[in-house]
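Visitor: Got a structure for you, written out below as structure tokens; questions coming shortly.
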Amino acid sequence: MTAESTVASPGGEPPDYGFSSVSVITPRGADSGFGLPAPRPAIRRHFPRLALLAVDAGAALVAARVLVDSRTPGHPLLVAGLLLAVVWLNERARLYRPPAVPAVLDELPAVCARIGACWSLLAATVAAYSPDHSLSVGSMVLGCVLQSALCCAGRGTVHWQRRRALVRRPGAALLVGPAVTAQRVAAAFLRRPGCGLRPVGVIADQAAGGDGLPVLTTDEEVRRAIVQNGVQTVLVVGPRGEREPLLRALAEAGCALWQVDAESPSYDRSCERLAGFPCRRLDMTEHRECLAKRALDVVVSGTLLLLVSPLLLGTALVLRLSEGPGVVFRQERIGKGGRRFTLLKFRTHRPVDARESATRWSVADEQEMRWFCRFLRRTSLDELLQLWNVLRGDMSLVGPRPERPYFVAKFGQTYPGYPDRHRMRTGITGLAQIHGLRGDTSIEDRARFDNAYIDDWSLWQDICVLLRTAVALVRPTGS
């Protein structure tokens, strides 16, 4: 089989190949070498959550005691049920994780909607088990209004106190990124004290001319700035790139990390706005996979390997007869925590050399393949050997797709959030793939879907992704 034309890697040809720098999350327990101080107690950070929880619980108890008849059978259980339902729904809506600059009007619709849902459930429960004590429409509306008023008044007080504290005692912050851009962002934050952040320094490779905050270029300067100013917030300006180990060390030291988009506007509703800049929290910790996920991987991959073993042997035989030696394609990929492993696939094309295999993005013209190789790629049957990678523990059934070291390093410097994909074991399929992000599609979109999958992971989500992948096999598009 002759060598085939391929699509060049995004960003053009690399100047050299064989480097080892990969921008991924440093494995837990690794020595960072920055000598940063130990994390400080985060009592103040958790106080707003506890205060909001107390406000919601108190409003639910007062409204229930006023309007629910104490002679109703199971009265204490009904009150407790209303309380737990309100707290659970608010927690699911992240209403106990207030934004950096909270405002009660922003969360008013979500709070009132959940209170209304809880009172509707309470009225239905009372009507079902004790029709003689069922709540009237007027009582239910009054309960919703009373609880909403108490809840919003309490939340407004908590948020007002917090905003006041942010203005009076803004937290010290460091900025990480190019010196010129970081100084511009720092000046904007200093003009907006209501954000509750007071930049005290910039961490950059080299200082820029002109006035502004001091530029910290050594690890000792960073450590001294954190200790002397009590820094608890770090603003990351631009791509993280080679700053990943430092950011991980700062997170381990108890600093909250924010990614600030200083170059282009963002209309993502999930982003918070600080000093007019779109910002989002950065999570630098590895995701701890539960035993159930690994058990699912072992049971399903082992069972499938046994069931499809005749198909694997038949595919290998056809490839050997039609394409010659070298049926199995082996390639180095990046897995969880930046660890490298060898990914297995059936060989459907032959790159010119190892360098092209590692730095070329994909096959340009599948029509140059023989019919059987095109069939394998379009049906994704060439990926079946990765079940062995899953059984070994290199991969999972569901997770972000693994990529080659060259592209991991390149994408990690270009797309914010791409290195965060390596918090979890990589997979054969994932949330990005079932949304059509395969082949030559947006890397930024893939990173966003992969991180959303990790942040919201559940065993049921894995099962849903596997089922949707199986359905998608009847509409194959290739890998």
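Visitor: What's the extension gain from Arg374 to Val299 if we count 0.36 nm per residue and subtract their Cα-Cα distance?
Guide: 24.0 nm
Visitor: Relative to 2.2 N^0.38 Å, what does the C-alpha radius of gyration of the stretch 304-343 come to as a ratio? Two decimals please.
Guide: 1.55
Visitor: Taking the highest mean first, how do the peptides 335-341, 417-423 order by number of other beta carbon atoms within 10 angstrom per residue?
Guide: 417-423, 335-341
Visitor: Could you check the spin-label model distance between Arg94 and Trp460? Points 7 Å from the Cα along Cα→Cβ, value in nm.
Guide: Once both label points are built, they end up 2.0 nm from each other.
Visitor: Rank the residues Trp457, Trp388, Trp88, Trp371 as a footprinting-exposure proxy: fewest other Cβ atoms within 10 Å of their Cβ go first.
Guide: Trp371, Trp88, Trp388, Trp457
Visitor: Suppose the chain between Ser136 and Glu272 were pulled fully straight at 0.36 nm per residue; how much longer would it get relative to their current alpha carbon spacing?
Guide: Working it through step by step, the gained length comes to 44.8 nm.
Visitor: Now a separate question. At each listed q (0.09, 0.18 Å⁻¹), what is the log10 of I(q)/I(0) that the Debye formula gives for the stretch 43-167 modelled as equal alpha-carbon point scatterers?
Guide: -0.26, -0.88
Visitor: So what's the net charge close to Val215: Lys and Arg +1, Asp and Glu -1, counting the other residues with Cβ under 13 Å from its Cβ?
Guide: -3
Visitor: Over the Cα atoms of the stretch 288-472, compute the convex hull volume and normalise it per residue, giving Å³.
Guide: Hull volume over Cα atoms, normalised by residue count, gives 118 Å³.
Visitor: Using the scaling law 2.2 N^0.38 Å as the reference, what is the normalised Cα Rg of the stretch 172-238?
Guide: My calculation over the Cα atoms of the stretch 172-238 gives 1.00.
Visitor: Stokes-Einstein diffusion coefficient for the stretch 104-169 at 10 °C in a medium of 1.306 mPa s, Rh from the Kirkwood formula over Cα pairs: what value in µm²/s?
Guide: 117 µm²/s
Visitor: So if each residue of separation counts as 0.36 nm, and I subtract the Cα-Cα distance between Arg468 and Arg320, what length gain in nm does that give?
Guide: That pair, Arg468 and Arg320, stretches by 50.1 nm at full extension.
Visitor: May I ask you to list the residues of the stretch 154-190 whose amide nitrogen lies under 12 Å from a point 7 Å from Cα along the Cα→beta-carbon direction of Val62?
Guide: Only 154-157 fall inside the zone, counting backbone N under 12 Å.
Visitor: Calculate the length of the line joining the C-alpha centroid of the stretch 108-141 to that of the stretch 285-346, in whole Å.
Guide: 53 Å
Visitor: Compute the Rg/Rh shape ratio of the stretch 170-282: radius of gyration over Kirkwood radius, all on alpha-carbon atoms.
Guide: Expressed as Rg/Rh, it is 0.93.
Visitor: Right, here's the next one. Using Cβ counts within 10 Å as a stand-in for footprinting exposure, how do Glu403, Glu272 rank, fewest first?
Guide: Placing the least packed residue first, the sequence is Glu272, Glu403.
Read-outs: derived from the displayed coordinates by stated rules, not from any lab. These numbers come from a predicted model, not from an experiment. Glycine also receives a Cβ, built like all others from the backbone with ideal geometry; neighbour counts cover every protein chain displayed.
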